[in-house]
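The values are calculated or read from the model by the stated rules, or taken from the named source; none is laboratory data. Source: prediction; values computed, not measured. Here Cβ is always computed from backbone atoms with ideal geometry, including for glycine, and neighbour counts include all displayed protein chains. Please note that ligands, DNA and RNA were not included when accessible areas were found on the heavy atoms of the full protein model with its side chains. Shrake-Rupley method; radii C 1.70, N 1.55, O 1.52, S 1.80 Å.
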Amino acid sequence: MRLSLDAIPEHAIAVLDHGFVRLDEAMASDLAVVNSARVSFGRRKEEMEQADEGLIRFLMRDRHGTPFEHNAFRFHVRCPIFVAREWFRHRIGSFNEFSMRYARATDEFYVPAAEDVRTQVGKPGAYSFEPVSEELAEQTRDELRAVYEQAFATYERLVELGVARELARAVMPVGAYTEFYWTVNARALMNFVALRNHETAQREIRRYAEAVEAFFAEKMPVTHTAFVANGRVAP
Ligand SMILES: Cc1cc2nc3c(=O)[nH]c(=O)nc-3n(C[C@H](O)[C@H](O)[C@H](O)COP(=O)(O)OP(=O)(O)OC[C@H]3O[C@@H](n4cnc5c(N)ncnc54)[C@H](O)[C@@H]3O)c2cc1C
């Protein structure tokens, strides 16, 4: 059975033209942060109280990071390969990815919306990204589609001829979609969100980081508020 899902699964946030972020499972709550911190004093609570919110703000501000590590999120993500490459640089977390060695490659490719076709202005480290003319945006989209079509047709032909998938995949562009599972604790998630839901991050991964942050805020609202109040610096 192909893992790749044609439709966006339920409870997923759609991202880009064929992607999504879905929270597969979470063991995550603000109370877990509080209880992890209070175990130092041999105490445990069943419910959050006002004072606990202050404790979370203190832990965040003074960068006592370990109590945030007792929360886990497992995400199911579909994104272009170039986004996954950026994502996989985040070492604190676990990944398992769809394999083009064992399964047939996807025929879904990222074509940016016209307003996302941009030009790069300025120097390394201080780029800004400006819109391009309508004509250039359409030309970019057409040229991407043409390359994707040709690449996928070549892939299919080689596989039909008996070339191993693990080799035929060499023709696939980094705009092809891939899927993976990512399990991450709240501390490393905040580091990811701080770096990737940021104006300096590439627009495409930023859209995914926004979705990750929305799930985080839903599951751990007090922690998320403290993170934002602390200037979005991970503890
Ligand atoms: C805007 C932007 C531009 C980038 N440009 C480039 C680029 O041009 N080239 C490039 O190669 N990468 C680039 N990166 C990737 C970047 O260098 C990091 O690899 C990536 O952001 C992961 O961050 P991290 O190490 O903090 O996360 P994680 O790997 O998840 O680590 C989380 C935290 O754990 C600690 N940690 C993890 N591993 C170690 C270790 N070995 N030693 C000490 N502490 C550790 C650190 O405190 C780290 O912040 C870029 C990232 C961003 C956001």
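Can you tell me how many residues within the range 213-231 are over 17 Å from SER29 (Cβ atoms) and touching a residue at least 40 places away in the same chain (Cβ under 8 Å)?
Final tally of qualifying residues: 2.
Determine, yes or no, whether THR119 is assigned to a loop (DSSP other than H, G, I, E, B), more than 16 Å from the ligand (Cβ to nearest atom), among the polar types (S, T, N, Q) and under 30 Å from ALA151 (Cβ atoms). If you could, list the steps in order and put the result at the bottom.
Details: assigned to a loop (DSSP other than H, G, I, E, B): no; more than 16 Å from the ligand (Cβ to nearest atom): yes; among the polar types (S, T, N, Q): yes; under 30 Å from ALA151 (Cβ atoms): yes.
Answer is no for this residue.
Which numbered condition in (1) more than 24 Å from ARG118 (Cα to Cα); (2) in a helix (DSSP H, G or I) is the only one that VAL184 fails?
(2)
Here's a check for you: in the range 217-234, which residue that is β-branched (Val, Ile, Thr) and surrounded by fewer than 18 Cβ atoms within 10 Å (Cβ to Cβ) is farthest from ARG118 (Cα to Cα)?
THR225
Could you list, in sequence order, all residues of the range 198-216 that are open to solvent by 30 Å² or more (accessible area, probe 1.4 Å) and more than 13 Å from the ligand (Cβ to nearest atom)?
Matches in the range 198-216: ARG207, GLU210, ALA214.
Would it be correct to say that TYR208 is closer than 18 Å to ARG89 by Cα and outside any helix (DSSP H, G or I)?
no
Considering only the range 164-171, I want to know if a residue exists there that is more than 30 Å from ASN191 (Cβ to Cβ), more than 16 Å from the ligand (Cβ to nearest atom) and not in a helix (DSSP H, G or I).
Residues of the range 164-171 more than 30 Å from ASN191 (Cβ to Cβ): 164-171.
The next check asks that each one be more than 16 Å from the ligand (Cβ to nearest atom); those that pass are 164-171.
Add one more test, that the residue is not in a helix (DSSP H, G or I), and what stays is 164.
For the range 164-171, residues more than 30 Å from ASN191 (Cβ to Cβ), more than 16 Å from the ligand (Cβ to nearest atom) and not in a helix (DSSP H, G or I): present.
When you look at GLY93, is it without any contact (Cβ under 8 Å) to a residue 24 or more places away in the chain and either open to solvent by 20 Å² or more (accessible area, probe 1.4 Å) or closer than 23 Å to ARG157 by Cβ (or both), yes or no?
So GLY93 does not fit the description; no.
Quick one: in the range 16-46, which of the residues that are farther than 30 Å from ARG78 by Cβ and of a type in the set (Ser, Thr, Tyr) is least open to solvent (accessible area, probe 1.4 Å)?
Result: SER36.
Can you tell me which residues in the range 172-197 are within 12 Å of the ligand (Cβ to nearest atom) and among the β-branched types (Val, Ile, Thr)? Before you say what the answer is, go through the steps one by one.
Our first condition is that a residue be within 12 Å of the ligand (Cβ to nearest atom); within the range 172-197, this holds for 182, 184-185, 187-197.
Answer for the range 172-197, where residues must be within 12 Å of the ligand (Cβ to nearest atom) and among the β-branched types (Val, Ile, Thr): VAL184, VAL193.
Quick one: is VAL39 touching an Asp or Glu at 6+ places or on another chain (Cβ under 9 Å) and not in a loop (DSSP other than H, G, I, E, B)?
Here the answer is no, as VAL39 does not meet what is asked.
Starting from the range 177-202, take each residue that is of a type in the set (Gly, Ala, Ser) and list its partners that are open to solvent by less than 20 Å² (accessible area, probe 1.4 Å) and within 8 Å of the ligand (Cβ to nearest atom), counting only C-beta distances under 6 angstrom and pairs at least six apart or across chains.
If the second residue must be open to solvent by less than 20 Å² (accessible area, probe 1.4 Å) and within 8 Å of the ligand (Cβ to nearest atom), the pairs left are ALA194/ALA234.
Condition (residue is assigned to a strand (DSSP E or B), without any contact (Cβ under 8 Å) to a residue 12 or more places away in the chain and within 14 Å of the ligand (Cβ to nearest atom)) applied to the range 68-75: is it met by at least one residue?
No.
Quick one: is ARG63 within 16 Å of the ligand (Cβ to nearest atom), touching a residue at least 60 places away in the same chain (Cβ under 8 Å), surrounded by fewer than 16 Cβ atoms within 10 Å (Cβ to Cβ) and under 24 Å from THR183 (Cβ atoms)?
Taking the combined requirement at face value, the residue satisfies it.
Quick check on the range 134-148. Is at least one of its residues at pLDDT 95 or above, loosely packed, with under 14 Cβ neighbours inside 10 Å and not in a helix (DSSP H, G or I)?
no
Do the conditions hold for VAL111, that is, is it over 19 Å from ARG22 (Cα atoms), over 19 Å from the mean Cα position of the chain (by Cα) and open to solvent by less than 50 Å² (accessible area, probe 1.4 Å)?
Spelling it out, it is not the case that VAL111 is over 19 Å from ARG22 (Cα atoms), over 19 Å from the mean Cα position of the chain (by Cα) and open to solvent by less than 50 Å² (accessible area, probe 1.4 Å).
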